[in-house]
Every structure is written in structure tokens, then in C-alpha cells.
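See structure below.
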Amino acid sequence: MVENATYGITAVRFAGTQVVEAMMGLIDRSREHWDLRPAPTRVTEVIDRMVEGDTVISLFPDDEGQLHPGPEVKVDVLPEGTETLALADESAGLSLRDLPRF
């Protein structure tokens with residue numbers, strides 16, 4: 001059985017209120033290092049990874065610049081039917097708007 005990959009999002013780019021790109025990289029199985037460092041990735045590519053069964057998580061920087069895992073990322077559909085990204089659990093008071101911009 002093949003284990004699905006885990007990707008991490010470290011920054012986002014918005015066009016208005018919609019996420020249009022994310023800095024996304026492939027995280028190793030230990031979740032301590034990058035297998036592929038984050039690179040600009042279109043939202044459609046991020047969604048494709050989730051559709052394929054991969055996990056996408058948010059990674060928030062602390063005051064020292066260290067990244068810490070946040071909630072998983074999910075597909076969100078805007079009222080006009082456009083797909084975008086959001087955090088699966090925003091109960092901790094975090095949202096994708098809290099990530100750095102690029």
C-alpha cells in the first residue's frame with residue numbers, strides 16, 4: 001500500500017479575497033524536513049493534490065521564524081462557485097490570511 005504524501009503551505013498570494021497561489025512543498029514522512037522545498041503553486045494544483053488523496057497542512061511561523069504545523073487545508077467554494085482554499089479548522093483563531101504573503 002502506498003502512503004499518501006503530506007504537503008505544507010508556508011505562504012499565500014491573494015487576488016482580492018481569494019487565494020490564487022500558495023508556497024507549497026513536500027514534507028518528509030517524519031514531518032521534520034522538506035523533501036521538496038516550497039515553491040509557488042497554483043490553487044488548482046493544490047486542489048489536485050487533495051483530490052489525489054494527499055494531505056495539505058498549513059505551517060505557521062513563530063517569532064523566531066520556525067515553522068509549526070497548523071490545521072489541514074481544505075477546498076472552499078465561494079458563493080459564485082469558484083474553488084479556493086481555507087483551513088479545515090479555524091477554531092484556534094487562525095486562517096490562511098494569517099500566513100505570510102509572497
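The values are calculated or read from the model by the stated rules, or taken from the named source; none is laboratory data. These numbers were taken from a predicted model, which means no experiment stands behind them. Cβ coordinates were reconstructed from backbone atoms using ideal geometry, including for glycine residues, and neighbour counts include every protein chain displayed. We work out accessible area using only protein heavy atoms, side chains counted, and drop any ligands, DNA or RNA first. Shrake-Rupley method; radii C 1.70, N 1.55, O 1.52, S 1.80 Å.
Overview of results
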item: Mean accessible surface per residue for the stretch 2-102, computed with a 1.4 Å probe while every protein chain stays in place, in Å²; result: 60 Å²
item: Stokes-Einstein D for the chain, Kirkwood Rh over Cα pairs, 25 °C, 0.890 mPa s (µm²/s); result: 178 µm²/s
item: Percent of beta bridges antiparallel (DSSP, the chain, rounded to nearest 5); result: 85 percent
item: Mean separation of Cα contacts under 8 Å (6+ apart) over length of the chain, as relative contact order %; result: 26 percent
item: The chain - mean residue ellipticity at 222 nm from DSSP helices (-39,500 (n - 2.57) per run, n ≥ 4, rounded to 500); result: -2500 deg cm²/dmol
item: Top of 85, 59, 36 by mean-square fluctuation, Gaussian network on the chain, Cα under 10 Å; result: 36
item: Neighbourhood charge, 13 Å Cβ-Cβ cut-off, centred on residue 90 and excluding it, Lys, Arg +1 and Asp, Glu -1; result: -2
item: Amide H partners (placed H, <5 Å) of residue 88, local residues excluded; result: 72, 73, 74
